[in-house]
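Comments concern the structure below.
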Amino acid sequence: MKGQVQLGYTLGISLLVSAAVYFYASNWGALSRWEKLIPLIGALICMYALSDFFARRPGRAFLSRLFLLASCLFFGVGLALVGQIYNSHADSYGLFAIWLIPALLLAALTRWQPFYVLSYILAHLAYLLYFFPGFHTGQTAEGRILVILLVPAIANLVLLVLAERRRFASPVLKAMSFTAVCFILLVVSNSFFLETYGKWMNLPFFLLLALAVAYYHRIRHKTYLLFSGLWISVVAIEKYVELFIHFVDESLVYWSMLFVVLFIWGNVRFLKFVRSSPPAASPESTADEAEAVSAHNAYVAWAARVLAAVVIAIATVLGTAVIMGFLVLILEVEHPEYAMGILGVLAVTAAIAARPLNSVVRYTLLTCGMVVGTSAGIILDSLPVLLLFLLSAAAAFVFITGTVQRIYCLAAGQVIAGITLDWLFTGDTAVPIFSILGAILLVLLVAAGWFIQQPSLRKPLLYGGYPSFLLVFYILTFVTEGAVYYLVNGLFFLAVTLAVFYGLRKSLTWVYAISLGFWIAFLVYKYYDLAWKLLHKSFSLALIGFILLGLTRLYERKQSSASGLPALRSRQKRFTVWVLTGIVLLQVGMMTVQISRSEWLLANGRAIKLELAPVDPRSLLQGDYVVLSYTISRPEWGEAKLKELEEGAKVTLVLAPDAEDVYQLDRIYEAGGLLKEEEVLIRGKWDGYRSFEYGIEHYFIPEGTGIDLERQARYAEVKVSAKGDAILVRLTGE
């Protein structure tokens, strides 16, 4: 019950906050700067006040922490909005670095997992964007790139070791640090990314993975043992691709066949190694510990099956490519599609019949057969061939045992069914294709829920059919038109919302997780798809939010009084309250400093006119805006002079007015140099290619006015300080 209540409050509050943001944004153009800023700061303080209010209420610790997290999140959004209000954008790393300060303080104070995760993400974004603006390396030297990337790799390794030594309790952070170490080493060991140093980084990467396997086997941690094995498979594939590209010739077909065999054999042996490892439980375990260990071992067994399915999928792709290469390059078959169809039938038949085969080998053979055979049907444009392999998928589902294996067969059947329906409805819209496919999946789900009692068939139909049904239903919310569009969208949102609460009430974690994922995806992506204005979205989200909060409150009162965690106030020392207040004041102070600097520049800066050429994209988080390109952005100097500048180099430039009083780029300013009376300084950053960036490249506008502005605007009015700081004031046609 507690989880359902917490979820209801979280979703309802999230919708109300979103509604407020949309309402705020819908009136953005009509508000003055202070009308925008005062609610911004007030909302941050209000969220902290709500956190403090609920901290005083028994059983409301979750809501207290939720509003405290919202206060921290809103601080980051507020930093971005201040930049939007003044049309002046600092370096991205600076925003994340400032945001990191209160996140770290709150993480240390509350020891709550969301603050750990937020701090971890912000720290990595600030660090990487400082060295790689826009996440591109540009002309940075290989050695410098290697050192820059190894620093977070080592930091994550230290974090992982501390987690293993139980210096802090955060399973999520532990998993993220393990993943980050492996990913960074995978990147720096790639010979195409780092041509000089990449090959030398393979040895420490292989050594780390070997140590991980040995360590997690010794401590009987099968989950991370499986993670290590998965990364070994990823590394093997990456190295295979590297070698393939470096040494392209016909003999690679034979080497590829050998690699596929070794890849499957190695993963089969590794899965046997994991399954044969000693259980994590100890004879001295208490009943609760034994139950927890049993649940963990059950999860590991399921994860092992999922890993086997991933291996099958990867081996299928590689095996299919090898078969095609063998037919075309080695045998030089003129029409390989016929041979593909025959090989597909033989492979599927053998996989269904050959039960003694190892499961990974067997299902790799099955999927290779389906992929090759279905490809033959597509090439031949033959409905009978497609139907033959659709029936093969159905036969494999019936005769092959195992939940994950049957889910795999069901997924294969859905793909083939989609291809077949596309063949039948050639030239028509996608609506009938997805409607029929969705109806088939719904019938299977109903049959599994009400009529099929055999667990071996019921479970894979539910586990595999439900997410597929939601995916097809979700696609229909995009491809339908007219009144049907709104009907389908309304039904989808209602169905997935009810499914989220049903999954929680019945303790069906998989239903809850899948439904919540689609619920979030629907709200996020529909922001760009709906024809409504921001004001309409605001009222709609507010209505849904109030309904959710009301239903949650009624459900909570019906079940029992809220239990929750102990109130934050009751288990914190008195000074903690003052520390939290200090953190909030620090956030307000940081925003105030940023606002004051911008206001001072607007009041005292020198106004200049720059020529521009705008374009009109959409901002993911900040509404409509235009991206501006100035004539001063691209210098017409010789390449020799520009090559002296490194990517990301910060320089001060001199601008001088032309005959029409439009300022143009004159030269790079040298310390101590003299300026003429009409000249001004402006600070910029070299992007490493051909442009300077001044932090005034974005201009935020009322919704839907970007195209008109792009047509009319020719110049930008900018104010610059004596030191070269710039703020974009307005756009003009004259």
- Note on the structure: A correct Karplus calculation of ³J(HN,Hα) over region 113-118, with 6.51 cos²θ - 1.76 cosθ + 1.60, θ = phi - 60°, whole Hz and x for Gly and Pro, returns 4, x, 5, 4, 5, 4
- Task: Using a 10 Å cut-off on Cβ atoms, rank the peptides 449-456, 232-239, 160-167 from the highest mean neighbour count down.
- Result: 232-239, 160-167, 449-456
- Query: Based on the alpha carbon coordinates of region 96-178, what radius of gyration and maximum Cα-Cα distance (Dmax) apply, in Å?
  - Reply: 14.1, 42
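What length, rounded to one decimal in nm, is gained on full extension from VAL234 through to HIS246, with 0.36 nm per residue of separation minus their alpha-carbon distance?
2.5 nm
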- Extension length gain for TRP600 and ALA20 (0.36 nm per residue less Cα distance), in nm, is 205.8 nm
- Percent of all Cα-Cα pairs per 5 Å bin for region 323-407, counting from 0 up to the last occupied bin, reads 3, 15, 26, 23, 15, 11, 5, 1, 0
- Quick one: check the C-alpha center-to-center distance for region 335-369 versus region 466-509, whole angstrom. 36 Å
- Ranked highest first by the average count of other Cβ atoms within 10 Å around their residues, in what order do 5-18, 333-346 fall? 5-18, 333-346
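So with the 1.4 Å probe, I'd like the accessible area per residue for region 353-505, rounded to whole Å².
Result: 48 Å² of accessible area for each residue.
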- Item | Integer Hz, Karplus 6.51/-1.76/1.60 couplings in order for region 196-204, x for Gly and Pro | 7, 9, x, 5, 6, 7, 5, 4, x
- Message: Taking amide H atoms as placed 1.01 Å from N in the peptide plane, list the residues 5 or more away in sequence, or in a different chain, whose amide H sits under 5 Å from that of GLY695.
- Response: none
- Query: Assuming R0 = 25 Å, what is the FRET efficiency of GLU142 and THR179, from their Cβ-Cβ distance, to the nearest 0.05?
  - Reply: 0.55
- Apportionment of accessible area to carbon and sulfur, region 153-200, percent (1.4 Å): 68 percent
- Note on the structure: Under 5 Å from the placed amide H of GLY59, counting only residues 5+ away or on other chains, we find ALA567
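The values are calculated or read from the model by the stated rules, or taken from the named source; none is laboratory data. Being a predicted model, the structure only gives us computed values, none of them experimental. Every residue, glycine among them, receives a Cβ derived from its backbone with ideal geometry; neighbour counts consider all protein chains shown. Ligands, DNA and RNA are stripped out before the accessible areas are found, and what is left, the full protein with its side chains, is counted by its heavy atoms. Shrake-Rupley method; radii C 1.70, N 1.55, O 1.52, S 1.80 Å.
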